[in-house]
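Okay, structure first, notes after.
The values are calculated or read from the model by the stated rules, or taken from the named source; none is laboratory data. Everything quoted here is computed from the prediction, not taken from an experiment. Please note: Cβ atoms are built from the backbone with ideal geometry, for glycine as well, and neighbour counts cover all protein chains shown.
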Amino acid sequence: KNEVEQSPQNLTAQEGEFITINCSYSVGISALHWLQQHPGGGIVSLFMLSSGKKKHGRLIATINIQEKHSSLHITASHPRDSAVYICAVIVSGGGADGLTFGKGTHLIIQP
Amino acid sequence: EPEVTQTPSHQVTQMGQEVILRCVPISNHLYFYWYRQILGQKVEFLVSFYNNEISEKSEIFDDQFSVERPDGSNFTLKIRSTKLEDSAMYFCASTRAKLSLSGANVLTFGAGSRLTVL
């Protein structure tokens with residue numbers, strides 16, 4: 001059974017700090033998604049990765065397929081970045097389309 | 001920016017009642033999904049839908065659940081006889097291409113429908 005593990009579970013940091021959230025998974029995947037869940041519950045897709053690195057504004061996502069590991073980085077963090085960040089994967093093979101989600105990392109950025 | 005719209009935002013129902021949650025996916029999207037999140041737990045995949053039929057479903061999606069796209073715009077999730085453990089936030093999502101394919105593929109979520117079963 002594929003598990004998606006995220007670390008840390010909770011992270012509190014000061015405004016301006018560089019943030020790293022990690023995601024590890026146990027089986028082969030075709031793609032990995034990073035999602036942001038706002039305090040009100042809404043979910044926004046940040047990145048979809050199958051290899052390498054992607055950047056959008058202050059957010060950077062990397063993936064190492066061989067190591068089965070992905071990281072989400074936030075540069076110059078801001079209180080508005082406070083949210084739950086969720087890693088989710090598509091297991092490869094068989095055309096499966098269902099996402100398997102991690103439990104999320106609850107990030108608080110203090111001013 | 002195009003949105004996925006879900007209604008109702010919150011529904012309270014009695015155990016054993018039927019519930020229908022509605023979603024309007026983005027108009028040029030072809031793949032539709034339902035997910036649920038029990039309070040304090042991780043998001044779970046329920047079902048994917050393409051070309052007017054279920055393409056994949058999880059173990060959670062038992063005979064009590066059904067989905068349909070009755071009129072080409074709405075995408076509904078029906079729970080026939082609700083149980084206490086069905087209380088959760090239900091998210092609809094849509095995408096233009098199959099999620100398992102690589103390449104730019106934006107998955108857009110609705111704001112969710114909170115279901116409370118008493």
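Can you find even one residue in region A:46-68 that is at the interface with chain B (Cβ under 7 Å from one of its Cβ atoms), free of Cβ contacts under 8 Å to residues at least 40 places away in the same chain, within 25 Å of B:Val4 (Cβ to Cβ) and part of a strand (DSSP E or B)? Looking for residues that are at the interface with chain B (Cβ under 7 Å from one of its Cβ atoms), free of Cβ contacts under 8 Å to residues at least 40 places away in the same chain, within 25 Å of B:Val4 (Cβ to Cβ) and part of a strand (DSSP E or B), one finds at least one in region A:46-68, hence yes.
May I ask you to verify whether A:Ala96 is out of contact with any helix residue (DSSP H, G or I) (no Cβ under 8 Å at 6 or more places or on another chain) and modelled with pLDDT of 95 or more? Please lay out each step first, then the result.
Working: out of contact with any helix residue (DSSP H, G or I) (no Cβ under 8 Å at 6 or more places or on another chain): yes; modelled with pLDDT of 95 or more: no.
Judged against the criteria, A:Ala96 is not a match.
Residues that are within 13 Å of chain B (Cβ to nearest Cβ), within 11 Å of the chain's Cα centre (by Cα), in contact (Cβ under 8 Å) with a residue 60 or more places away in the chain and not in a strand (DSSP E or B) occur in region A:89-102; there is at least one. Of the residues making up region A:12-30, just one is hydrophobic (A, V, I, L, M, F, W, C), buried (at least 18 other Cβ atoms within 10 Å of the Cβ) and more than 12 Å from the chain's Cα centre (by Cα), namely A:Ile29.
Within region B:99-118, the set of residues being at pLDDT below 95 and surrounded by fewer than 18 Cβ atoms within 10 Å (Cβ to Cβ) comprises B:Leu101, B:Ser102, B:Gly103, B:Ala104, B:Val106.
Quick one: which strands (runs of 3 or more DSSP E) sit completely within region B:17-90 and have at least 1 residues that are surrounded by 21 or more Cβ atoms within 10 Å (Cβ to Cβ)? Explain how you work it out, then say what you get.
Values: elements: B:19-24, B:31-37, B:43-50, B:53-57, B:65-68, B:75-79.
Counting at least 1 such residues, we get B:19-24, B:31-37, B:43-50, B:65-68, B:75-79.
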